[in-house]
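Working notes for the structure below.
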Amino acid sequence: MISVRNLNYVYGAGLPGSRQALFDINLDIETGDVVALIGHTGSGKSTLIQHFNALVPPTSGTVVIDGINVTDKAAKKSDIRKKVGLVFQYPEHQLFEETVFDDVAFGPKNLGLDEAEIKKRVFDACAIVGIKEKYFGFSPFELSGGQKRRVAIAGVIAMEPNVLVLDEPVAGLDPKGRDGILAMITGLHEQRPEMTIIFVSHSMEDVARVANHIIVMNEGSVAMTGTVAEVFSKGDELRGMGLAVPQITQITDRLRAMGYELPPHIYTLKYGERAIAALLRGEERTDV
Amino acid sequence: MFKDVIIGQYVEGNSFIHRMDPKMKLILTLLYMILLFSVKSIPAYIIATVFTLFIVCLCAVPFKLILKGLKPMIFILLFTAVMNLLMTRGEPLISYELFGRFTLSVTKEGVRIAVLMVVRLLYLLIGTSVLTLTTTPLKLTDGIERLLKPLDVIKVPSHEIAMMMTIALRFIPTLADETDKIMKAQLARGADFESGSIFRRAKALIPILVPLFVSAFRRADELATAMEARCYHGGEGRTKMNVSRIGSRDIKALVIFLIFAAAAAAAEIIV
Ligand SMILES: Nc1ncnc2c1ncn2[C@@H]1O[C@H](COP(=O)(O)OP(=O)(O)O)[C@@H](O)[C@H]1O
Ligand SMILES: [Mg+2]
């Protein structure tokens, strides 16, 4: 359970050229949710999620994670970082160890775990992200872009956080790499339903496929929160913020406006395809 | 945290000094330094003080910001003061026996030299801050390139020096950003940079340095390719898009400086 109250953040507070990035943010995220954070570039998404991990101190306001007040000076940063795993954008840029195994083990080692536990966690995390054992001895720099990204994500999953936060985890990947990462998020949610997953994305299709809740950021404020259905039913508002609803929803909305009877809440291609196919079959029958 | 570094930090503005030609600013800064190191008497110092205050007021940069740039230099200033206080021979004011063998004494001359030396360094720092705060790094390197140009005949690669400076300056904020990002990413993985022995702390830097070097090399490679793709081939036959020339404003600035310098010289002779 994450709750954010009246959070404000100013970059370079008190200096010329200071810039407020977050304005009075209030949020509640339930344990076990898969939450998508959307908003155009510069809307403050990355700034917000760094607060979940005590990497930036709020200018004002509080962030409470499972009862620990992150803003509290007495709270140990290492406890917070054990609880909340943060995968930065382009996490492959943080790889540094000689082998894949050592890099994934870096986080667990910092937690002070014993050898056997570290090994177990590395194996588990690599299984989740789909890095095979034969790569463990490779240098991370020998891998492809998509593989590097998986290794970097595994490095955070291996710390077994209660909350996993991913900043644009599919940015810059090819369609196959994208699908892999999204399937990984879905798989992780099924395997560990108690883990809260928050991810930043610009693709409404990806959001519809993976998330069950959406937080919409606009110019440093939270513009909307709700279930996927609630947020995507407000297409016009989203468009006003430079965002959109999934393409399939755009199509079915248009069809509905033209008088075709389609069920509401069509956000994924699969469901949309079935609904339209059913409509076509139904129409054929009435036509004949 | 790396954003506090003031070097190369330009403050937008439209003051007289902002609009001066960078060549003239560089020349005047150099002359100002020479002036500071040739004045010795109190009246001359007062004239230098007036001139320093004059340029600080004229440059329309918040004084707070100039002071902030001086902060990292406090140690050097203190060190200079202490060394001069203790190492100058003369009429002792206070003496202190050390281990019964050495006498440390603060002399009247020592106090005088320490104060003058600190003031001199302080003004030097303020003067150079005014230069970097009112001139974009790009204009600054352009000025340096054009001042070095006559040395081309003795094979000084003025264009290349300027290009290297431009690129280095251009990448300071990028690398600072990158370092910040990598540090945060490793902190998120439980890295600890702040506790343990010096040896442990040095080792803790590896997770920052390796990715930083990898990214610096990648960027260097990309930049080189991008420059070649746009047919960069060094300075030969290259012309400038914006050529700034010494104008009446710069002559005015030079004259004002020379008047102050003459006054300081006169004060020096009279005393
Ligand atoms: N390190 C920084 N220093 C100063 N301003 C920053 C920094 N990082 C981000 N900002 C500013 O804060 C705002 C929000 O940025 P960010 O949180 O990165 O947005 P997003 O991730 O949604 O694209 C932007 O206006 C950006 O320019
Ligand atoms: Mg971002």
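List of remarks:
- Residue within the stretch B:109-119 that is among the small types (G, A, S) and under 28 Å from the mean Cα position of the chain (by Cα) present: yes
- From the options A:E190, A:E219, residue that is within 16 Å of ligand 1 (Cβ to nearest atom) and surrounded by fewer than 20 Cβ atoms within 10 Å (Cβ to Cβ): A:E219
- A:A208 vs. criteria modelled with pLDDT of 90 or more, in the same structural domain as A:L48 (by TED's automatic domain parsing) and in a loop (DSSP other than H, G, I, E, B): no
- Among residues that are surrounded by 19 or more Cβ atoms within 10 Å (Cβ to Cβ), more than 16 Å from ligand 2 (Cβ to nearest atom), outside any loop (DSSP other than H, G, I, E, B) and not aliphatic (A, V, I, L, M), A:R178 is not included.
- Candidate set: the stretch A:1-49, residues that are of a type in the set (S, T, Y) and away from ligand 1 (no atom under 13 Å from the Cβ); chosen: the one nearest to A:T62 (Cα to Cα): A:S3
- Restricting A:T196, A:T252 to residues that are outside the structural domain of A:V34 (by TED's automatic domain parsing) and modelled with pLDDT of 90 or more narrows the list to A:T252.
- A:E237 being of a type in the set (D, E), touching a strand residue (DSSP E or B) at 6+ places or on another chain (Cβ under 8 Å), assigned by TED's automatic domain parsing to the domain that holds A:S43 and farther than 12 Å from A:L37 by Cβ: yes
- When the stretch A:126-156 is filtered for residues that are within 12 Å of another protein chain (Cβ to nearest Cβ) and in a helix (DSSP H, G or I), the ones remaining, listed by number, are A:P140, A:F141, A:K148, A:A152, A:I153, A:A154, A:G155, A:V156.
- Lone unmet requirement of (1) more than 10 Å from every other protein chain (Cβ to nearest Cβ); (2) crowded, with 17+ Cβ neighbours inside 10 Å; (3) in contact with a Phe, Trp or Tyr (Cβ under 9 Å, 6 or more places away or on another chain) for A:I38: (3)
Okay, residues lined up against (1) of a type in the set (D, E); (2) surrounded by 14 or more Cβ atoms within 10 Å (Cβ to Cβ); (3) closer than 19 Å to B:Y123 by Cα; (4) out of contact with any Leu (no Cβ under 6 Å at 6 or more places or on another chain):
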{"residue": "B:P43", "(1), (2), (3), (4)": "no, yes, yes, yes"}
{"residue": "B:T49", "(1), (2), (3), (4)": "no, no, yes, yes"}
{"residue": "B:C59", "(1), (2), (3), (4)": "no, yes, yes, yes"}
{"residue": "B:K64", "(1), (2), (3), (4)": "no, no, yes, yes"}
{"residue": "B:K68", "(1), (2), (3), (4)": "no, yes, yes, yes"}
{"residue": "B:I74", "(1), (2), (3), (4)": "no, no, yes, yes"}
{"residue": "B:L78", "(1), (2), (3), (4)": "no, no, yes, yes"}
{"residue": "B:T88", "(1), (2), (3), (4)": "no, yes, no, yes"}
{"residue": "B:S105", "(1), (2), (3), (4)": "no, yes, no, yes"}
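- Within the stretch A:110-125, the residues that satisfy the criterion of being within 12 Å of chain B (Cβ to nearest Cβ) and surrounded by fewer than 19 Cβ atoms within 10 Å (Cβ to Cβ) are A:L111, A:G112, A:L113.
- Residue in the stretch A:41-56 that is more than 16 Å from ligand 2 (Cβ to nearest atom) and under 30 Å from A:A223 (Cα atoms) present: yes
- If the condition is being away from ligand 1 (no atom under 16 Å from the Cβ), under 21 Å from A:N26 (Cα atoms), within 13 Å of chain B (Cβ to nearest Cβ) and not aliphatic (A, V, I, L, M), then the stretch A:51-84 contributes only A:K83.
- Qualifying residue in the stretch A:13-27 (condition: within 26 Å of B:F193 (Cα to Cα), free of Cβ contacts under 8 Å to residues at least 60 places away in the same chain and away from chain B (no Cβ under 14 Å)): no
- Residue in the stretch B:62-71 that is hydrophobic (A, V, I, L, M, F, W, C), out of contact with any Gly (no Cβ under 7 Å at 6 or more places or on another chain) and more than 14 Å from chain A (Cβ to nearest Cβ) present: yes
- So B:K184, is it modelled with pLDDT of 90 or more, surrounded by fewer than 19 Cβ atoms within 10 Å (Cβ to Cβ), of a type in the set (K, R) and in a helix (DSSP H, G or I): yes
- Of all the criteria given as (1) touching a Gly at 6+ places or on another chain (Cβ under 9 Å); (2) at positive phi, the one not satisfied by A:I181 is (2).
- Any hit, the stretch A:86-93, residues being within 14 Å of chain B (Cβ to nearest Cβ), within 16 Å of ligand 2 (Cβ to nearest atom), of a type in the set (F, W, Y) and closer than 24 Å to A:S201 by Cβ: yes
- Some residue of the stretch A:195-216 being crowded, with 19+ Cβ neighbours inside 10 Å, on the phi > 0 side of the Ramachandran plot and touching a residue at least 24 places away in the same chain (Cβ under 8 Å): no
- Remark: A:I248 matches the filter, which requires a residue to be of a type outside the set (G, A, S) and either within 16 Å of ligand 2 (Cβ to nearest atom) or in a helix (DSSP H, G or I) (or both).
- Within the stretch B:193-217, residues that are more than 10 Å from every other protein chain (Cβ to nearest Cβ) sit with their Cβ atoms under 7 Å from residues that are part of a helix (DSSP H, G or I), at 6+ positions apart or across chains, in these pairs: B:F193/B:R201; B:F193/B:A204; B:A216/B:L175.
- Condition broken by A:V165, with the remaining ones in (1) touching a Phe, Trp or Tyr at 6+ places or on another chain (Cβ under 7 Å); (2) away from every other protein chain (no Cβ under 12 Å) satisfied: (2)
- Within the stretch B:187-233, the set of residues being part of a loop (DSSP other than H, G, I, E, B), within 20 Å of A:Q89 (Cβ to Cβ) and aliphatic (A, V, I, L, M) comprises just one member, B:A191.
- Hey, A:D114 over 22 Å from the mean Cα position of the chain (by Cα), of a type in the set (D, E) and away from ligand 1 (no atom under 16 Å from the Cβ) or not: yes
- Members of the stretch B:107-135 found to be hydroxyl-bearing (S, T, Y) and surrounded by 16 or more Cβ atoms within 10 Å (Cβ to Cβ), listed by number: B:T107, B:Y123, B:S129, B:T132, B:T134, B:T135
- Being at pLDDT below 90 and assigned to a helix (DSSP H, G or I) is a property that B:T166 has.
The values are calculated or read from the model by the stated rules, or taken from the named source; none is laboratory data. None of the values given here were measured: they were computed from a predicted structure. Because the Cβ atoms are built from the backbone with ideal geometry, glycine has one as well, and the counts that use them run over all protein chains shown.
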